[in-house]
1. In the stretch 162-194, how many residues are within 20 Å of the chain's Cα centre (by Cα) and open to solvent by less than 20 Å² (accessible area, probe 1.4 Å)?
2. Taking the stretch 81-94, which residues are open to solvent by 30 Å² or more (accessible area, probe 1.4 Å) and either assigned to a helix (DSSP H, G or I) or at pLDDT below 95 (or both)?
3. Exactly one condition in (1) free of Cβ contacts under 8 Å to residues at least 24 places away in the same chain; (2) more than 22 Å from the chain's Cα centre (by Cα); (3) open to solvent by less than 30 Å² (accessible area, probe 1.4 Å) is false for residue 340; which is it?
4. Quick one: would you say residue 109 is more than 14 Å from the ligand (Cβ to nearest atom) and either more than 22 Å from the chain's Cα centre (by Cα) or assigned by TED's automatic domain parsing to the domain that holds residue 230 (or both)?
5. Looking at (1) surrounded by 21 or more Cβ atoms within 10 Å (Cβ to Cβ); (2) more than 10 Å from the ligand (Cβ to nearest atom), which one does residue 54 not meet, given that it meets all the others?
6. Would you mind finding the one in 209, 202 that is over 22 Å from residue 255 (Cβ atoms), open to solvent by less than 10 Å² (accessible area, probe 1.4 Å) and either in a loop (DSSP other than H, G, I, E, B) or not basic (Lys, Arg) (or both)?
Amino acid sequence: MPNSYVSELAAPGRTIPVRACDYESNPPVMLFPSVGEYPVYDDFVYDMMLKDEDRVGRYAAAVPRYAPGRTVLDIGTGQDAVWALAAARAGARHVWAVEVMPKSAEIARKVIEEAGFADRITVIEGLSTEIELPERVDMCVSEIIGTLGGSEGAGSVLRDARERLVKPHGLFIPHRSATTAVALDLGSATGGEPPGFPPAVFRFVENVFAAVGRPFDLRVCLAGLQESPEVRERSYLSDAVEVEPLEFNGDLRPEGVDRAELTFTRPGHFSGLALGVRLWAAEDDVPIDSLHNWSTWTPVYAPLSETGLPVQPGDRFTFEFTTTMSDDGVHPDYALTGELHRDGGPAVPLRWRSAHHPEGFRETAFHRWVFPET
Ligand SMILES: C[S@@+](CC[C@H](N)C(=O)[O-])C[C@H]1O[C@@H](n2cnc3c(N)ncnc32)[C@H](O)[C@@H]1O
């Protein structure tokens, strides 16, 4: 029984073939579109986010700890205005809750009214980067962390908030994020054949293509890796390293080049990297780690070799991870250039590039697998 089959999804002006897989397929590693970086609301994704107890728990602990007596800016309040309400309930002096999606802002306004906080929470519809506040606030809360730490725009959006909307030395929740990378043997994760998208996420992929106006090589995640110790055990070939550090309460740099090195700890076929996120809601928190626990942030797959390069313990992958701002000024483009160093052999150059909204479609072997021509 093959793990995947070819189905079809709608793209602007045409339908396109797409690699699909059954939800119950065995092994249970499947593709998922990277969420959070396109202006697409989806019930399935929103629901999953609110059910992420780890994410919700960290914020639910941090917000009431810092909000009492403070003025608060909640960037991306969402339709339930969860952190705006948590701040107001904890005794914030006033909360400005900003939301760019009109429908979500409208629902948030109703939810806040029904909760009896309309006098203490002001909903502002729009992008935080385009609004003004009557005064700078004491504290900013947001959850605009992407599947890669900065992919949803946290770096540029929160730097703008620091420069214009929050008082100097004002406090930010979350405190810090970093993107994490681990060497991956995709074949071992999936039992051989690369996986496909479960039909439940077709609509989300279609909406992403509609938002950009065309199909393109979107960033793709691997669901089923993070929560299964057995799958991690057989497919993670190294320990994880951090790149793209974002210090929301410090020197926040949305762009940069990070140099890192992964040492292989077990033999396997090195096919690419699983990229995740570590997130500290508060400074003294143990971080959420999306490469090692189930979370709403699913690891992104950065393919480097179609067949997988044989590696042994002690071999190394050295790389530069580059984050530059895309032409929308908010969402980063990512690129990775590296070398695989194997015992006695010549260094093997490897590259990956993942722009936020690239011109190309089916430009990589991996995307030609995901979106076959016929
Ligand atoms: C991941 S959801 C989080 C919702 C809610 N705060 C929570 O934690 O459950 C992010 C929300 O932020 C909104 N958003 C992202 N960037 C924004 C910005 N710069 N200004 C206003 N809203 C933004 C999105 O539309 C989305 O509703």
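The values are calculated or read from the model by the stated rules, or taken from the named source; none is laboratory data. Note that the structure is a prediction, hence the values are computed from the model and not measured. Quick reminder, even Gly has a Cβ in these numbers, built from the backbone with ideal geometry, and neighbours come from all protein chains shown. When the accessible area is computed, the model is the full protein with side chains, heavy atoms only, and any ligands, DNA or RNA have been set aside. Shrake-Rupley method; radii C 1.70, N 1.55, O 1.52, S 1.80 Å.
1. Filtering the stretch 162-194 for residues within 20 Å of the chain's Cα centre (by Cα) gives 172-184, 186.
Those still in the list that are open to solvent by less than 20 Å² (accessible area, probe 1.4 Å) too: 172-174, 177-184, 186.
Selection size over the stretch 162-194: 12.
2. Within the stretch 81-94, 82, 89 meet the criteria.
3. Of the numbered conditions (1) free of Cβ contacts under 8 Å to residues at least 24 places away in the same chain; (2) more than 22 Å from the chain's Cα centre (by Cα); (3) open to solvent by less than 30 Å² (accessible area, probe 1.4 Å), the odd one out for residue 340 is (1).
4. Details: more than 14 Å from the ligand (Cβ to nearest atom): no; either more than 22 Å from the chain's Cα centre (by Cα) or assigned by TED's automatic domain parsing to the domain that holds residue 230 (or both): yes.
Here the answer is no, as residue 109 does not meet what is asked.
5. Residue 54 satisfies every listed condition except (1).
6. Selected residue: 209, the only one of 209, 202 that is over 22 Å from residue 255 (Cβ atoms), open to solvent by less than 10 Å² (accessible area, probe 1.4 Å) and either in a loop (DSSP other than H, G, I, E, B) or not basic (Lys, Arg) (or both).
Residue-by-condition table, conditions (1) among the aromatic types (Phe, Trp, Tyr); (2) away from the ligand (no atom under 16 Å from the Cβ):
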| position | (1), (2) |
| --- | --- |
| 63 | no, no |
| 83 | yes, no |
| 100 | no, no |
| 113 | no, yes |
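So that you can scan it fast, the table gives a plain yes or no per residue for (1) outside the structural domain of residue 222 (by TED's automatic domain parsing); (2) at pLDDT below 95; (3) hydrophobic (A, V, I, L, M, F, W, C); (4) out of contact with any Cys (no Cβ under 8 Å at 6 or more places or on another chain):
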position	(1), (2), (3), (4)
282	no, no, yes, yes
289	no, no, no, yes
293	no, yes, no, yes
297	no, no, yes, yes
305	no, no, no, yes
309	no, no, yes, yes
317	no, no, yes, yes
